[in-house]
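The values are calculated or read from the model by the stated rules, or taken from the named source; none is laboratory data. From a predicted model like this one, the values you see are computed outputs, not experimental measurements. Please note: Cβ atoms are built from the backbone with ideal geometry, for glycine as well, and neighbour counts cover all protein chains shown. Accessible surface is based on the protein model in full, side chains and every heavy atom, while ligands, DNA and RNA are left aside. Shrake-Rupley method; radii C 1.70, N 1.55, O 1.52, S 1.80 Å.
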Amino acid sequence: MKCWMGRLWSPCGGSRRSLGVIRCQTIPIATKEAASQVSSVSEASTQTERRRDPGVLDVDLGPLLDYPNLAEFLGRVEGAMIRELKKNRRSHAFDGFVVNWEEQNELVSCLYSLRYPDASERQLEVTSVTWNCTGSVVACSYGRLGDGDWSTEKSYVCTWNLDRRGLNPNQPDVTIEATSSVMCLAFHPSKPSLIAGGLFTGEVLVWDTSRTDDPLVGRTGLTQDTHTDAVYQVCWMPDKPQSHKPQVLSISTDGKILTWQMEKEGQLVLQDGYALVAQQIPSNTKINKHGRGDTAVGVTCLSFSHFDPTLFIVGVEGGYLLKCFSGAQTSALTSTASSVPLKAPAQFTFSPHGGPVYCVDCSPFHRNLFLSGGTDGNAHLYSMLQAKPISSLQLSEKYIFGVRWSPVRPLVFAAASGHGELLLFDLAKSSQKPSLSIKQTDDGRPVYCLEFNRTQTQLLASGDATGVVKIWQLSSDFTEQGPRELVLLDEVASEVTDRSLM
(Lines give C-alpha, C1' and ligand atoms only; values in the text may rest on other atoms or scores of the structure.)
Protein backbone atom coordinates (compact mmCIF):
# COMPACT_ATOMS: atom_id res chain seq x y z
CA MET A 1 0.00 0.00 0.00
CA LYS A 2 1.43 3.32 -1.01
CA CYS A 3 0.52 6.88 0.07
CA TRP A 4 1.53 9.95 -2.02
CA MET A 5 1.02 13.63 -1.37
CA GLY A 6 1.50 16.30 -4.09
CA ARG A 7 2.92 19.81 -3.70
CA LEU A 8 1.08 22.35 -1.72
CA TRP A 9 1.45 26.18 -2.16
CA SER A 10 1.04 28.59 0.63
CA PRO A 11 -0.59 31.97 -0.23
CA CYS A 12 1.23 33.76 2.61
CA GLY A 13 3.50 36.62 1.57
CA GLY A 14 2.37 36.39 -2.00
CA SER A 15 4.96 33.93 -2.75
CA ARG A 16 4.68 30.25 -3.26
CA ARG A 17 6.25 27.96 -0.73
CA SER A 18 6.92 24.35 -1.37
CA LEU A 19 5.84 22.00 1.36
CA GLY A 20 7.60 18.99 -0.05
CA VAL A 21 6.44 15.52 -0.95
CA ILE A 22 5.83 12.67 1.61
CA ARG A 23 5.59 9.04 0.77
CA CYS A 24 5.05 5.90 2.99
CA GLN A 25 4.61 2.22 2.36
CA THR A 26 3.28 -0.55 4.74
CA ILE A 27 4.29 -4.19 4.73
CA PRO A 28 2.25 -6.29 2.41
CA ILE A 29 -1.04 -7.43 3.86
CA ALA A 30 -1.78 -11.09 3.38
CA THR A 31 -5.27 -11.95 2.43
CA LYS A 32 -6.97 -15.31 2.31
CA GLU A 33 -10.35 -16.48 1.35
CA ALA A 34 -12.11 -19.34 3.26
CA ALA A 35 -15.56 -20.73 3.33
CA SER A 36 -17.41 -23.10 5.70
CA GLN A 37 -20.75 -24.81 5.56
CA VAL A 38 -22.59 -26.89 8.18
CA SER A 39 -24.99 -29.52 7.09
CA SER A 40 -27.06 -31.86 9.29
CA VAL A 41 -29.41 -34.39 7.91
CA SER A 42 -31.50 -36.97 9.80
CA GLU A 43 -34.29 -39.19 8.74
CA ALA A 44 -36.96 -40.75 10.98
CA SER A 45 -40.15 -42.54 10.37
CA THR A 46 -42.87 -44.28 12.43
CA GLN A 47 -45.59 -46.61 11.49
CA THR A 48 -48.42 -47.99 13.63
CA GLU A 49 -49.42 -51.59 13.43
CA ARG A 50 -52.46 -52.52 11.59
CA ARG A 51 -55.49 -52.35 13.83
CA ARG A 52 -56.82 -55.76 14.53
CA ASP A 53 -60.28 -56.86 15.37
CA PRO A 54 -60.10 -57.79 19.09
CA GLY A 55 -62.51 -60.60 18.49
CA VAL A 56 -60.21 -62.29 16.02
CA LEU A 57 -57.15 -64.31 17.13
CA ASP A 58 -53.90 -63.71 15.30
CA VAL A 59 -53.46 -67.36 14.52
CA ASP A 60 -54.30 -69.46 11.58
CA LEU A 61 -57.28 -71.51 12.65
CA GLY A 62 -57.65 -73.03 9.31
CA PRO A 63 -56.17 -76.44 10.20
CA LEU A 64 -58.23 -76.67 13.41
CA LEU A 65 -61.44 -76.08 11.64
CA ASP A 66 -60.78 -79.26 9.77
CA TYR A 67 -61.18 -81.27 13.03
CA PRO A 68 -64.76 -80.91 14.27
CA ASN A 69 -64.22 -83.53 17.01
CA LEU A 70 -61.51 -81.39 18.63
CA ALA A 71 -63.70 -78.31 18.56
CA GLU A 72 -66.51 -80.32 20.16
CA PHE A 73 -64.17 -81.56 22.92
CA LEU A 74 -62.87 -78.07 23.70
CA GLY A 75 -66.39 -76.75 23.94
CA ARG A 76 -67.37 -79.60 26.24
CA VAL A 77 -64.51 -79.12 28.77
CA GLU A 78 -64.29 -75.33 28.68
CA GLY A 79 -66.54 -74.78 31.70
CA ALA A 80 -64.75 -77.33 33.87
CA MET A 81 -61.34 -75.92 32.98
CA ILE A 82 -62.40 -72.37 33.86
CA ARG A 83 -63.80 -73.54 37.22
CA GLU A 84 -60.55 -75.32 38.10
CA LEU A 85 -58.43 -72.35 37.09
CA LYS A 86 -60.51 -70.06 39.30
CA LYS A 87 -60.19 -72.54 42.18
CA ASN A 88 -56.40 -72.60 41.80
CA ARG A 89 -56.28 -68.82 41.77
CA ARG A 90 -58.11 -68.72 45.14
CA SER A 91 -56.03 -71.49 46.72
CA HIS A 92 -53.44 -70.73 49.44
CA ALA A 93 -51.73 -74.11 49.22
CA PHE A 94 -48.41 -72.59 48.21
CA ASP A 95 -48.53 -69.41 50.29
CA GLY A 96 -45.26 -68.87 52.07
CA PHE A 97 -43.39 -71.32 49.86
CA VAL A 98 -40.08 -69.82 48.82
CA VAL A 99 -37.71 -71.58 46.48
CA ASN A 100 -34.23 -71.64 48.02
CA TRP A 101 -31.62 -71.68 45.27
CA GLU A 102 -28.77 -71.45 47.76
CA GLU A 103 -27.14 -74.22 49.74
CA GLN A 104 -28.90 -74.89 53.04
CA ASN A 105 -27.17 -73.52 56.13
CA GLU A 106 -26.49 -75.71 59.13
CA LEU A 107 -29.66 -75.65 61.22
CA VAL A 108 -27.98 -75.40 64.63
CA SER A 109 -24.38 -74.86 65.71
CA CYS A 110 -22.78 -74.78 69.17
CA LEU A 111 -21.19 -71.40 69.89
CA TYR A 112 -19.94 -72.03 73.44
CA SER A 113 -19.66 -74.77 76.04
CA LEU A 114 -19.61 -72.94 79.39
CA ARG A 115 -18.50 -74.59 82.62
CA TYR A 116 -17.23 -73.68 86.08
CA PRO A 117 -14.26 -75.96 86.94
CA ASP A 118 -14.96 -75.97 90.71
CA ALA A 119 -18.52 -77.13 90.09
CA SER A 120 -17.33 -79.79 87.64
CA GLU A 121 -14.80 -81.14 90.13
CA ARG A 122 -17.58 -81.56 92.68
CA GLN A 123 -19.80 -83.16 90.01
CA LEU A 124 -22.53 -80.56 90.42
CA GLU A 125 -25.29 -80.38 87.81
CA VAL A 126 -26.77 -77.40 85.98
CA THR A 127 -30.25 -77.04 87.47
CA SER A 128 -31.42 -73.86 85.70
CA VAL A 129 -30.46 -71.33 83.01
CA THR A 130 -31.74 -67.80 82.40
CA TRP A 131 -30.95 -64.82 80.11
CA ASN A 132 -30.88 -61.21 81.26
CA CYS A 133 -33.04 -58.56 79.61
CA THR A 134 -30.28 -57.40 77.23
CA GLY A 135 -29.82 -60.91 75.91
CA SER A 136 -26.05 -60.72 76.35
CA VAL A 137 -25.64 -62.38 79.76
CA VAL A 138 -26.54 -65.97 80.57
CA ALA A 139 -26.68 -67.28 84.14
CA CYS A 140 -26.85 -70.81 85.46
CA SER A 141 -27.32 -72.42 88.86
CA TYR A 142 -25.42 -75.44 90.10
CA GLY A 143 -26.82 -78.07 92.45
CA ARG A 144 -27.97 -81.65 92.44
CA LEU A 145 -31.09 -83.34 91.14
CA GLY A 146 -29.65 -86.77 91.90
CA ASP A 147 -28.43 -88.36 95.11
CA GLY A 148 -26.71 -86.34 97.80
CA ASP A 149 -27.30 -84.16 100.83
CA TRP A 150 -28.77 -81.23 98.92
CA SER A 151 -29.62 -79.15 101.96
CA THR A 152 -26.05 -78.61 103.21
CA GLU A 153 -23.92 -78.92 100.08
CA LYS A 154 -22.47 -75.67 98.80
CA SER A 155 -23.44 -74.65 95.27
CA TYR A 156 -22.97 -71.76 92.85
CA VAL A 157 -24.61 -69.20 90.58
CA CYS A 158 -22.44 -68.20 87.59
CA THR A 159 -22.86 -65.65 84.80
CA TRP A 160 -21.09 -65.13 81.46
CA ASN A 161 -21.33 -62.03 79.25
CA LEU A 162 -21.25 -63.40 75.71
CA ASP A 163 -20.56 -59.95 74.25
CA ARG A 164 -17.43 -59.53 76.34
CA ARG A 165 -14.17 -59.45 74.39
CA GLY A 166 -11.92 -62.30 75.41
CA LEU A 167 -14.73 -64.47 76.81
CA ASN A 168 -13.35 -67.46 78.72
CA PRO A 169 -15.85 -70.35 78.64
CA ASN A 170 -14.18 -71.90 81.70
CA GLN A 171 -14.11 -68.72 83.78
CA PRO A 172 -17.44 -67.05 84.69
CA ASP A 173 -17.58 -63.27 84.90
CA VAL A 174 -19.46 -63.52 88.20
CA THR A 175 -19.48 -66.43 90.66
CA ILE A 176 -21.79 -66.45 93.69
CA GLU A 177 -21.66 -69.11 96.39
CA ALA A 178 -24.82 -70.46 98.01
CA THR A 179 -25.10 -72.52 101.19
CA SER A 180 -27.54 -74.99 99.63
CA SER A 181 -28.32 -76.40 96.22
CA VAL A 182 -29.76 -73.67 93.94
CA MET A 183 -32.74 -75.26 92.20
CA CYS A 184 -33.92 -72.40 89.96
CA LEU A 185 -33.03 -68.93 88.67
CA ALA A 186 -34.73 -66.00 86.95
CA PHE A 187 -33.30 -62.71 85.70
CA HIS A 188 -35.45 -59.61 86.24
CA PRO A 189 -37.32 -58.67 83.02
CA SER A 190 -35.98 -55.08 82.94
CA LYS A 191 -33.11 -54.84 85.49
CA PRO A 192 -30.19 -56.65 83.82
CA SER A 193 -28.17 -57.37 86.98
CA LEU A 194 -30.95 -58.62 89.27
CA ILE A 195 -31.37 -62.41 89.69
CA ALA A 196 -33.83 -64.34 91.87
CA GLY A 197 -33.09 -67.89 92.96
CA GLY A 198 -34.72 -70.68 94.96
CA LEU A 199 -32.85 -73.07 97.25
CA PHE A 200 -33.41 -76.67 98.24
CA THR A 201 -33.89 -75.44 101.82
CA GLY A 202 -36.99 -73.47 100.78
CA GLU A 203 -35.39 -70.02 100.85
CA VAL A 204 -35.78 -67.43 98.08
CA LEU A 205 -32.80 -65.13 97.44
CA VAL A 206 -32.15 -62.09 95.25
CA TRP A 207 -28.68 -61.12 94.01
CA ASP A 208 -27.43 -57.98 92.27
CA THR A 209 -24.45 -58.97 90.10
CA SER A 210 -23.36 -55.33 89.71
CA ARG A 211 -22.35 -55.30 93.40
CA THR A 212 -18.88 -56.79 93.65
CA ASP A 213 -18.59 -56.76 97.44
CA ASP A 214 -21.80 -58.53 98.48
CA PRO A 215 -24.29 -59.29 95.70
CA LEU A 216 -27.00 -60.64 98.05
CA VAL A 217 -29.69 -57.93 98.31
CA GLY A 218 -32.73 -59.88 99.50
CA ARG A 219 -33.74 -63.14 101.17
CA THR A 220 -36.81 -64.67 102.78
CA GLY A 221 -34.92 -66.05 105.74
CA LEU A 222 -36.22 -68.92 107.86
CA THR A 223 -39.63 -67.78 109.13
CA GLN A 224 -43.10 -69.29 109.33
CA ASP A 225 -43.72 -68.03 105.79
CA THR A 226 -40.68 -69.73 104.27
CA HIS A 227 -41.27 -72.75 102.07
CA THR A 228 -40.76 -76.02 103.92
CA ASP A 229 -39.68 -77.91 100.78
CA ALA A 230 -37.41 -77.21 97.83
CA VAL A 231 -38.23 -74.21 95.63
CA TYR A 232 -38.50 -75.46 92.06
CA GLN A 233 -39.32 -72.22 90.23
CA VAL A 234 -39.11 -68.47 90.73
CA CYS A 235 -40.36 -65.68 88.47
CA TRP A 236 -40.69 -61.92 88.66
CA MET A 237 -44.13 -60.38 88.90
CA PRO A 238 -45.06 -57.29 86.83
CA ASP A 239 -44.23 -54.06 88.64
CA LYS A 240 -47.23 -52.50 90.28
CA PRO A 241 -48.10 -48.85 89.49
CA GLN A 242 -46.58 -46.33 91.92
CA SER A 243 -44.39 -48.99 93.48
CA HIS A 244 -40.64 -49.36 93.09
CA LYS A 245 -40.42 -52.57 95.10
CA PRO A 246 -39.94 -55.65 92.90
CA GLN A 247 -41.94 -58.79 93.65
CA VAL A 248 -40.89 -62.41 93.21
CA LEU A 249 -43.18 -65.44 92.93
CA SER A 250 -41.98 -68.85 94.14
CA ILE A 251 -43.42 -72.36 94.02
CA SER A 252 -42.54 -75.41 96.05
CA THR A 253 -43.45 -79.03 96.58
CA ASP A 254 -44.86 -77.96 99.96
CA GLY A 255 -47.94 -77.00 97.92
CA LYS A 256 -47.57 -73.23 98.27
CA ILE A 257 -47.32 -70.47 95.65
CA LEU A 258 -46.03 -67.31 97.33
CA THR A 259 -45.42 -63.70 96.28
CA TRP A 260 -42.58 -61.85 98.00
CA GLN A 261 -41.79 -58.13 98.01
CA MET A 262 -38.29 -56.70 98.39
CA GLU A 263 -37.89 -54.31 101.31
CA LYS A 264 -35.05 -51.86 102.04
CA GLU A 265 -33.69 -53.95 104.88
CA GLY A 266 -32.78 -56.71 102.45
CA GLN A 267 -35.73 -58.86 103.43
CA LEU A 268 -38.28 -60.49 101.14
CA VAL A 269 -41.64 -60.06 102.85
CA LEU A 270 -44.66 -62.22 102.01
CA GLN A 271 -47.38 -60.21 100.23
CA ASP A 272 -49.77 -62.81 98.87
CA GLY A 273 -50.04 -66.56 98.61
CA TYR A 274 -51.94 -69.65 97.49
CA ALA A 275 -51.99 -73.24 98.67
CA LEU A 276 -53.02 -76.39 96.85
CA VAL A 277 -54.58 -79.11 98.97
CA ALA A 278 -56.10 -82.34 97.69
CA GLN A 279 -59.53 -81.54 99.09
CA GLN A 280 -59.87 -78.42 96.92
CA ILE A 281 -58.58 -79.78 93.59
CA PRO A 282 -61.46 -79.66 91.07
CA SER A 283 -62.52 -83.04 89.66
CA ASN A 284 -63.85 -83.62 86.15
CA THR A 285 -66.35 -86.34 85.29
CA LYS A 286 -64.07 -87.89 82.66
CA ILE A 287 -60.99 -87.93 84.87
CA ASN A 288 -60.37 -90.62 87.47
CA LYS A 289 -60.83 -89.08 90.88
CA HIS A 290 -57.64 -88.82 92.88
CA GLY A 291 -57.12 -88.84 96.61
CA ARG A 292 -58.93 -86.44 98.89
CA GLY A 293 -57.80 -84.85 102.14
CA ASP A 294 -56.13 -81.77 103.53
CA THR A 295 -52.66 -82.89 102.43
CA ALA A 296 -50.62 -80.52 100.32
CA VAL A 297 -50.32 -81.09 96.57
CA GLY A 298 -46.71 -80.51 95.58
CA VAL A 299 -46.28 -77.81 92.92
CA THR A 300 -43.42 -78.47 90.50
CA CYS A 301 -43.85 -75.88 87.69
CA LEU A 302 -45.90 -72.83 86.71
CA SER A 303 -46.56 -70.67 83.64
CA PHE A 304 -48.57 -67.47 83.35
CA SER A 305 -50.80 -66.78 80.36
CA HIS A 306 -49.35 -64.15 78.01
CA PHE A 307 -52.87 -62.86 77.30
CA ASP A 308 -54.47 -62.87 80.77
CA PRO A 309 -52.13 -62.02 83.69
CA THR A 310 -54.65 -63.43 86.19
CA LEU A 311 -54.51 -66.90 84.63
CA PHE A 312 -51.74 -69.43 85.20
CA ILE A 313 -51.15 -73.15 84.76
CA VAL A 314 -49.40 -75.29 87.38
CA GLY A 315 -48.05 -78.82 87.21
CA VAL A 316 -48.06 -81.02 90.29
CA GLU A 317 -46.33 -84.14 91.56
CA GLY A 318 -49.41 -86.27 90.94
CA GLY A 319 -49.12 -85.67 87.19
CA TYR A 320 -52.04 -83.26 86.92
CA LEU A 321 -52.12 -79.78 85.39
CA LEU A 322 -54.36 -77.20 86.98
CA LYS A 323 -55.78 -73.98 85.58
CA CYS A 324 -55.59 -71.36 88.33
CA PHE A 325 -56.95 -67.86 88.87
CA SER A 326 -54.92 -65.28 90.81
CA GLY A 327 -58.08 -63.40 91.79
CA ALA A 328 -59.54 -66.38 93.67
CA GLN A 329 -60.99 -65.49 97.07
CA THR A 330 -61.68 -68.97 98.44
CA SER A 331 -59.54 -69.67 101.50
CA ALA A 332 -57.21 -72.63 101.28
CA LEU A 333 -58.05 -75.39 103.72
CA THR A 334 -54.59 -75.74 105.17
CA SER A 335 -53.31 -75.76 108.71
CA THR A 336 -49.95 -74.30 107.68
CA ALA A 337 -49.10 -71.10 109.55
CA SER A 338 -48.82 -67.98 107.40
CA SER A 339 -48.68 -64.22 108.00
CA VAL A 340 -51.15 -63.66 105.15
CA PRO A 341 -54.29 -65.67 104.32
CA LEU A 342 -53.58 -68.32 101.68
CA LYS A 343 -56.16 -68.86 98.93
CA ALA A 344 -57.19 -71.82 96.77
CA PRO A 345 -56.57 -70.83 93.14
CA ALA A 346 -57.35 -74.06 91.23
CA GLN A 347 -60.32 -73.77 88.83
CA PHE A 348 -60.01 -76.72 86.44
CA THR A 349 -58.08 -79.98 86.13
CA PHE A 350 -56.57 -81.33 82.92
CA SER A 351 -55.90 -84.97 82.06
CA PRO A 352 -52.73 -86.13 83.81
CA HIS A 353 -49.33 -87.32 82.71
CA GLY A 354 -48.21 -90.78 83.76
CA GLY A 355 -45.98 -89.26 86.45
CA PRO A 356 -44.96 -85.94 88.02
CA VAL A 357 -45.05 -82.91 85.72
CA TYR A 358 -41.66 -81.21 85.41
CA CYS A 359 -42.39 -78.34 83.03
CA VAL A 360 -45.21 -76.27 81.58
CA ASP A 361 -45.17 -73.30 79.17
CA CYS A 362 -48.03 -71.18 77.82
CA SER A 363 -47.88 -70.18 74.16
CA PRO A 364 -46.85 -66.55 73.56
CA PHE A 365 -48.90 -66.55 70.34
CA HIS A 366 -52.21 -68.23 71.30
CA ARG A 367 -54.26 -67.59 74.41
CA ASN A 368 -55.48 -71.20 74.79
CA LEU A 369 -52.44 -73.36 74.03
CA PHE A 370 -49.80 -74.65 76.45
CA LEU A 371 -47.19 -77.41 76.56
CA SER A 372 -46.17 -79.73 79.38
CA GLY A 373 -43.62 -82.48 79.98
CA GLY A 374 -43.04 -85.01 82.71
CA THR A 375 -41.49 -88.20 83.97
CA ASP A 376 -43.51 -90.33 81.52
CA GLY A 377 -41.32 -88.97 78.67
CA ASN A 378 -44.32 -87.35 76.98
CA ALA A 379 -44.87 -83.77 75.84
CA HIS A 380 -48.55 -82.85 75.86
CA LEU A 381 -50.11 -80.02 73.86
CA TYR A 382 -53.24 -78.78 75.62
CA SER A 383 -56.01 -76.34 74.92
CA MET A 384 -57.46 -74.53 77.91
CA LEU A 385 -60.90 -75.32 76.47
CA GLN A 386 -60.76 -79.07 77.13
CA ALA A 387 -59.33 -81.53 79.62
CA LYS A 388 -57.72 -83.97 77.24
CA PRO A 389 -54.57 -82.95 75.36
CA ILE A 390 -54.84 -82.07 71.67
CA SER A 391 -51.79 -84.23 71.03
CA SER A 392 -49.29 -86.28 72.98
CA LEU A 393 -45.73 -86.88 71.79
CA GLN A 394 -43.58 -89.69 73.17
CA LEU A 395 -40.22 -87.92 73.12
CA SER A 396 -38.13 -90.04 75.42
CA GLU A 397 -38.04 -93.33 77.27
CA LYS A 398 -36.86 -91.24 80.20
CA TYR A 399 -38.00 -87.92 81.64
CA ILE A 400 -38.79 -84.66 79.85
CA PHE A 401 -37.28 -81.98 82.08
CA GLY A 402 -38.06 -78.85 80.05
CA VAL A 403 -40.29 -77.54 77.26
CA ARG A 404 -40.23 -74.01 75.86
CA TRP A 405 -42.10 -72.27 73.05
CA SER A 406 -40.02 -70.21 70.64
CA PRO A 407 -40.45 -66.46 71.28
CA VAL A 408 -40.52 -65.73 67.52
CA ARG A 409 -41.85 -68.85 65.72
CA PRO A 410 -45.46 -69.71 66.76
CA LEU A 411 -45.10 -73.34 65.62
CA VAL A 412 -41.66 -74.07 67.09
CA PHE A 413 -40.83 -75.41 70.55
CA ALA A 414 -37.87 -77.13 72.20
CA ALA A 415 -37.65 -79.94 74.74
CA ALA A 416 -34.89 -81.21 77.05
CA SER A 417 -34.79 -84.98 77.46
CA GLY A 418 -33.54 -87.36 80.12
CA HIS A 419 -31.34 -89.23 77.66
CA GLY A 420 -29.15 -86.22 76.83
CA GLU A 421 -30.83 -84.73 73.77
CA LEU A 422 -32.15 -81.31 72.89
CA LEU A 423 -35.19 -81.65 70.62
CA LEU A 424 -36.50 -78.94 68.28
CA PHE A 425 -40.02 -79.25 66.89
CA ASP A 426 -41.59 -77.38 63.97
CA LEU A 427 -45.30 -78.16 63.82
CA ALA A 428 -45.42 -76.68 60.32
CA LYS A 429 -43.35 -79.67 59.16
CA SER A 430 -44.49 -82.46 61.48
CA SER A 431 -46.75 -82.78 64.50
CA GLN A 432 -45.22 -86.10 65.58
CA LYS A 433 -41.48 -86.03 64.93
CA PRO A 434 -38.81 -83.49 65.93
CA SER A 435 -37.29 -81.44 63.12
CA LEU A 436 -33.92 -81.73 64.81
CA SER A 437 -32.45 -83.86 67.56
CA ILE A 438 -29.17 -82.60 69.07
CA LYS A 439 -26.99 -84.84 71.20
CA GLN A 440 -25.83 -82.58 74.02
CA THR A 441 -24.09 -85.08 76.31
CA ASP A 442 -21.80 -87.83 75.05
CA ASP A 443 -22.69 -90.24 77.83
CA GLY A 444 -26.45 -89.77 77.59
CA ARG A 445 -26.79 -87.94 80.88
CA PRO A 446 -29.91 -85.74 81.15
CA VAL A 447 -30.44 -82.23 79.83
CA TYR A 448 -32.16 -80.54 82.76
CA CYS A 449 -33.03 -77.07 81.50
CA LEU A 450 -33.24 -74.85 78.44
CA GLU A 451 -34.15 -71.25 77.64
CA PHE A 452 -34.64 -69.27 74.43
CA ASN A 453 -33.06 -65.82 74.27
CA ARG A 454 -35.94 -63.37 73.82
CA THR A 455 -33.67 -60.49 72.71
CA GLN A 456 -31.08 -62.25 70.57
CA THR A 457 -33.57 -64.76 69.24
CA GLN A 458 -31.02 -66.88 67.37
CA LEU A 459 -29.59 -68.10 70.70
CA LEU A 460 -30.73 -71.00 72.87
CA ALA A 461 -29.11 -72.08 76.15
CA SER A 462 -29.32 -75.55 77.68
CA GLY A 463 -27.75 -77.04 80.81
CA ASP A 464 -27.08 -80.68 81.65
CA ALA A 465 -26.05 -83.15 84.31
CA THR A 466 -22.37 -82.90 83.35
CA GLY A 467 -22.25 -79.31 84.60
CA VAL A 468 -22.05 -77.74 81.10
CA VAL A 469 -24.16 -74.93 79.63
CA LYS A 470 -24.20 -74.99 75.84
CA ILE A 471 -25.11 -71.94 73.77
CA TRP A 472 -26.69 -72.95 70.47
CA GLN A 473 -27.08 -70.68 67.45
CA LEU A 474 -30.26 -71.35 65.50
CA SER A 475 -30.53 -70.86 61.75
CA SER A 476 -33.27 -68.82 60.11
CA ASP A 477 -35.32 -72.03 59.78
CA PHE A 478 -36.13 -71.68 63.48
CA THR A 479 -36.16 -67.87 63.81
CA GLU A 480 -38.04 -66.46 60.80
CA GLN A 481 -41.81 -66.66 61.00
CA GLY A 482 -43.67 -67.92 57.95
CA PRO A 483 -46.60 -65.95 56.49
CA ARG A 484 -49.30 -68.45 57.58
CA GLU A 485 -47.94 -69.65 60.91
CA LEU A 486 -50.56 -67.94 63.05
CA VAL A 487 -53.30 -69.35 60.82
CA LEU A 488 -51.85 -72.84 61.19
CA LEU A 489 -51.55 -72.36 64.95
CA ASP A 490 -55.24 -71.44 65.07
CA GLU A 491 -56.00 -74.62 63.15
CA VAL A 492 -54.05 -76.63 65.70
CA ALA A 493 -55.92 -74.96 68.55
CA SER A 494 -59.27 -75.61 66.84
CA GLU A 495 -58.77 -79.37 67.23
CA VAL A 496 -60.82 -79.28 70.42
CA THR A 497 -62.93 -82.39 70.68
CA ASP A 498 -64.62 -82.02 74.07
CA ARG A 499 -65.76 -78.54 75.04
CA SER A 500 -68.48 -79.82 77.33
CA LEU A 501 -65.97 -80.27 80.17
CA MET A 502 -65.78 -76.53 80.55
Just to make sure I understand: if all protein chains stay in place, what is the order of Glu72, Glu265 by accessible area at 1.4 Å, largest first? Glu265, Glu72
Average Cα contact separation per residue, the range 161-260, under 8 Å, 6 or more apart, as relative contact order %: 20
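Please compute the length gained on full extension between Glu495 and Thr212, using 0.36 nm multiplied by the number of residues separating them and subtracting their Cα-Cα distance.
Numbers: separation 283, 0.36 × 283 = 101.88 nm, distance 5.29 nm.
Gain on extension, Glu495 to Thr212, equals 96.6 nm.
For the range 209-260, what is the convex hull volume of the alpha-carbon atoms per residue, in Å³?
Numbers: hull volume 6.0 nm³, N = 52.
Dividing the Cα hull volume of the range 209-260 by its residue count gives 115 Å³.
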Given the peptides 253-263, 427-437, 337-347, arrange them by the average over their residues of other C-beta atoms within 10 Å, most packed first. 253-263, 337-347, 427-437
Run the paramagnetic zone check for Lys245: 7 angstrom along Cα to Cβ, then residues of the range 263-278 with backbone nitrogen under 14 Å. 263-272
For the range 412-502: relative contact order, % (alpha-carbon pairs under 8 angstrom, 6 or more apart): 20
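Would you mind calculating the gained length between Gln481 and Gln347 on full extension (0.36 nm times residue separation, minus the Cα-Cα distance), in nm to one decimal? Don't jump to the answer; show the numbers that get you there.
On the way: separation 134, 0.36 × 134 = 48.24 nm, distance 3.42 nm.
Stretched out fully, the Gln481 to Gln347 stretch lengthens by 44.8 nm.
So if I place +1 on the C-beta of Lys and Arg and -1 on the C-beta of Asp and Glu, and nothing else carries charge, what would the dipole magnitude of the range 115-195 be about its Cα centre? I want it in debye, nearest 20. Don't skip to the end; give the middle numbers.
Details: 7 positive and 9 negative charges, 67 e Å.
Roughly 320 debye for the range 115-195.
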How big, in percent, is the set of alpha carbon pairs in the range 307-452 lying more than 20 Å apart? 50
Using label points projected 7 Å from each Cα along Cα→Cβ, tell me how many nm separate Glu121 and Ala93, to one decimal. 6.5
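How would you order 483-493, 131-141 from highest to lowest mean count of nearby Cβ atoms within 10 Å? Before the final figure, lay out each step's value.
Details: 483-493: 15.5, 131-141: 21.6.
The packing order, highest mean first, is 131-141, 483-493.
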The range 374-502, Kirkwood Rh and Cα Rg, ratio Rg/Rh at 0.99
Directionally averaged projected area (convex hull, Cα atoms, the range 150-273), nm²: 8.4
Packing rank of 184-193, 168-177, 116-125, 313-322, where each peptide gets the mean count of other beta carbons within 10 Å, highest leading: 313-322, 184-193, 116-125, 168-177
How far apart, in nanometres, would the label points at Gln458 and Ser190 be if each is projected 7 angstrom from Cα along the Cα-to-Cβ direction? 2.9
Virtual paramagnetic centre 7 Å along Cα→Cβ of Leu111, amide N under 19 Å, in the range 472-496: 472-481
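Give the ranking of Phe452, Phe325 by solvent-accessible surface, highest area first, calculated with a 1.4 Å probe.
On the way: Phe452 10, Phe325 85 Å².
Largest to smallest exposure gives the sequence Phe325, Phe452.
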HN-Hα couplings for the range 162-172 via Karplus (6.51, -1.76, 1.60; θ = phi - 60°), in whole Hz with x for Gly/Pro, come out as 6, 8, 6, 5, x, 4, 10, x, 9, 9, x
Can you list, bin by bin at 5 Å, the percent of alpha carbon pairs in the range 391-456, starting at 0? 4, 19, 27, 26, 17, 7, 1
Counting Lys and Arg as +1 and Asp and Glu as -1, each charge on the Cβ, what is the dipole of the range 314-401 about the Cα centre in debye, to the nearest 20? 260
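In square nanometres, what is one fourth of the surface area of the convex hull spanned by the alpha carbons of the range 257-374?
Details: hull surface 33.3 nm².
So the mean shadow area of the Cα hull is 8.3 nm².
Add +1 for every Lys or Arg and -1 for every Asp or Glu among the other residues with Cβ under 11 Å from the Cβ of Asp229, and state the total.
Net of charged neighbours comes to -1.
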Expressed in nanometres to one decimal, the distance between label points 7 Å along Cα→Cβ at Asp443 and Gln473 is 3.0
When the dipole is taken about the Cα centre of the range 175-282, and only Lys, Arg (+1) and Asp, Glu (-1) are charged at their Cβ, what size is it in debye, to the nearest 20? 280
